[in-house]
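The values are calculated or read from the model by the stated rules, or taken from the named source; none is laboratory data. Quick caveat, the model's predicted, so the values are computed rather than measured. Because the Cβ atoms are built from the backbone with ideal geometry, glycine has one as well, and the counts that use them run over all protein chains shown. Note: accessible area is taken over every heavy atom of the protein model, side chains too, but ligands, DNA and RNA are not part of it. Shrake-Rupley method; radii C 1.70, N 1.55, O 1.52, S 1.80 Å.
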Amino acid sequence: MEVNQLTAHELLDKLKNKQVVFKDIMEALYVRIQAVEPKVKAYARFKSENKLSLNPQTNGLLGGLPITIKDNICTEGLNTECCSKILGNFRPPYDATVINKLKTAGSSIFPLKANMDEFAFGSSTENSYFGSTHNPWNLECVPGGSSGGSAAAVASDEAIWALGSDTGGSIRQPASFCGVVGLKPTYGRVSRFGLIAFASSLDQIGPITKDVEDAAILTRIISGYDPNDSTSVNQDVPDYTNNLGKDIKGLKIGIPKEYFIDGMDVEVKRVIEEAINKLESLGVISSKVTLPHTQYAVPVYYIIATAEASSNLARFDGVQYGYRAKSDNLIEMYKKTRAEGFGEEAKRRIILGTFVLSHGYYDAYYLRALKVRTLIKNDFDTVFKDFDCMVTPTSPTPAFKIGERAADPLKMYLSDIYTISVNLAGIPAISIPCGFTKKGLPVGLQIMAKPFNEEMLFRLAYAFEQNTQWHKIKPRL
Ligand code: GLN
């Protein structure tokens, strides 16, 4: 196996035993990126003629191990453009808190940032200003989104591990499409200071990795209270690797009946049912449960998320950051900058969000959506009184073809049907590889737990992973 194919924890062992050095990892990544990046396009702004250079982080436990970062997380002096024209050439003057934490732990920030849907608006990475990323398992398919670049880079061994962000599924759905592990932590677990905001009541940063142990290690590093993010919660961060390997016998798992509906791909259904059987053979006790307000999750999400996005995006006006259209009239300059700088989907969301917040419609849409959000959250609270976890598919279909849904926003929005309730309720959830369709596309299993019970997710996910080995199968590129 090449060095770049190893997991982070395998590499950490090898670094410790001096079986590899930082330079070996960077060289292996460089060779791999040169070979497959022209096909996969996982990185924004990649140019094959540019030599990658990176000074390793020398102190800390991680021994310099490089990590790939999504293009919406601020990295000091390194372009952070949210894959939008409007942030063209923006170089943040500071690091996001997660980047500071990674550096302190001894991680080197990889000099290329991962491709994504512009401002994290999307489920396919087709909305990037830099063009689509391709799924390493089938280059004609999307990698999912919006963290499609991070997931594709990890799946194709162009990265050891990566960070993404998840507002409505943007870590878990691409992880599922690319056959890797992705976790959305509890709202408040990880600081968003330095994450360019999409929808502030939903956004979380989280890991995308080759296996569950790596996700546990990375989650621990990035978690914790941060006075710079008033929504971060001051609660101890456990060592998430402690529970790996702990027995899962007797755990009570809920299977929400609303998640097994018509329209779900038959192959996904088969793979998920097999995964649930596997968990049962390992001793979990599963029963059907109900989340009765599930049908409202998509409309509620697309009201709240667009409302918050329209407000967060107001700051991009050509004055402080990135792109500025030429004009000698200030108002014209604002208008032209925003007209030229934002892509189609960003404009759609700004218009939708402004509409639902506007006088006369606020009560009918935004306020009502907030109320239904509470009902959705209550559904979860009720089930978690009696159950340790819930298990569902991560997405109703495997990766779809590039272009297939691009012209139909509603169809695209429906691909988030299984992931967005988790963000609305603020709970943690993980997606892990659990099998393949007949055509060889990966399928992801989503596990959900109570707020701040990431340990339960890692415990169950690890038991499944160690007894199945799906995560070891690599795409042929
Ligand atoms: N696909 C969802 C959207 O387009 C979620 C995106 C995300 O989590 N950033 O809003």
HN-Hα J couplings of segment 409-419 from phi, Karplus 6.51/-1.76/1.60, θ = phi - 60°, integer Hz, Gly and Pro as x? x, 5, 4, 5, 4, 6, 5, 9, 4, 8, 9
Stokes-Einstein at 20 °C, 1.002 mPa s, Kirkwood radius from Cα pairs: D for segment 201-282 in µm² s⁻¹? 131
How would you rank 445-457, 144-156, 350-362, highest first, on the average number of other Cβ atoms within 10 Å across their residues? 144-156, 445-457, 350-362
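If you roll a 1.4 Å probe over segment 1-103 with all protein chains in place, what percent of the accessible area is carbon or sulfur?
Details: 2410 of 4890 Å².
Taking all protein chains in place, segment 1-103 shows 49 percent carbon and sulfur surface.
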Over 20 Å between alpha carbons, listed pairs 47/113; 347/401; 70/101; 246/288; 39/113: 347/401; 246/288
Extension reserve of the residue 91-residue 260 stretch, reckoned as 0.36 nm per residue once the Cα distance is removed: 56.4 nm
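For segment 261-311, report the convex hull volume of the alpha-carbon atoms normalised per residue, in Å³, without decimals.
130
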Given the -39500 (n - 2.57) contribution per DSSP H run of 4+ residues, what per-residue ellipticity at 222 nm results for the chain, rounded to the nearest 500 deg cm²/dmol? -10500 deg cm²/dmol
Residue by residue, what Karplus-based ³J(HN,Hα) values in Hz, rounded to whole numbers, does segment 352-360 have, using 6.51, -1.76 and 1.60 with θ = phi - 60° and x for Gly and Pro? 4, x, 5, 5, 5, 9, 7, 3, x
Ignoring ligands, DNA and RNA, what percent of the 1.4 Å accessible area of segment 393-477 is carbon and sulfur? 54
What list of ³J(HN,Hα) couplings, whole Hz, do you get for segment 44-54 from phi and the Karplus terms 6.51, -1.76, 1.60, once you set θ to phi - 60° and write x for glycine and proline? 7, 6, 6, 10, 5, 6, 7, 7, 7, 10, 7
Would you pull out the residues with amide H under 5 Å of residue 65's amide H, same chain only if 5 or more places away, H placed 1.01 Å from N? 108
Determine which aspartates and glutamates satisfy two conditions relative to residue 23: a Cα distance under 14 Å, and not lying fewer than 8 residues away in the same chain. 2
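Using a 1.4 Å probe on the protein heavy atoms, what percent of the accessible area of segment 324-380 belongs to carbon and sulfur?
Carbon-and-sulfur percentage of accessible area, whole number: 58.
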Cα to Cα, under 16 Å, and not fewer than 8 places away if on the same chain: which aspartates and glutamates meet these conditions relative to residue 269? 258
Value of Rg to Rh for segment 255-355 (Rh from inverse mean 1/r over Cα pairs, i.e. Kirkwood): 1.28
Compute, for residue 236, the solvent-accessible surface of its heavy atoms (probe 1.4 Å) with the complete set of protein chains present, and express it in square angstrom to the nearest 10. 140
Interchain or long-range residues, amide H under 5 Å from residue 70's placed H: 114, 163
The relative contact order of the chain, taking Cα pairs under 8 Å that sit 6 or more residues apart, comes to a percentage of 18
Per residue solvent-accessible surface (Å²) - segment 319-477, probe of 1.4 Å: 47
Taking amide hydrogens as modeled 1.01 Å from N in the peptide plane, which residues meet the under 5 Å criterion relative to residue 141, leaving out close sequence neighbours? 135, 402
Output for segment 395-443: trypsin sites (Lys or Arg not before Pro) sitting in coil per DSSP, at most 15 other Cβ within 10 Å, listed by number, reads 438, 439
Quote the Stokes-Einstein diffusion coefficient, in whole µm² s⁻¹, for segment 1-58, based on the Kirkwood radius over alpha carbon pairs, a temperature of 25 °C and a viscosity of 0.890 mPa s. 195
Could you work out Rg/(2.2 N^0.38 Å) for the chain, with Rg from alpha carbons only? 0.91
Heavy atoms of residue 134: accessible area, 1.4 Å probe, square angstrom to 10: 50
When the Kirkwood radius is taken over all Cα pairs of segment 358-399, what Stokes-Einstein diffusion coefficient follows at 10 °C and 1.306 mPa s, in µm²/s? 122
Averaged per residue, what accessible surface does segment 113-271 expose to a 1.4 Å probe, in Å²? 26
For the pairs 438/472; 85/335; 41/474; 411/438, note any where the Cα-Cα span goes beyond 20 Å. 411/438
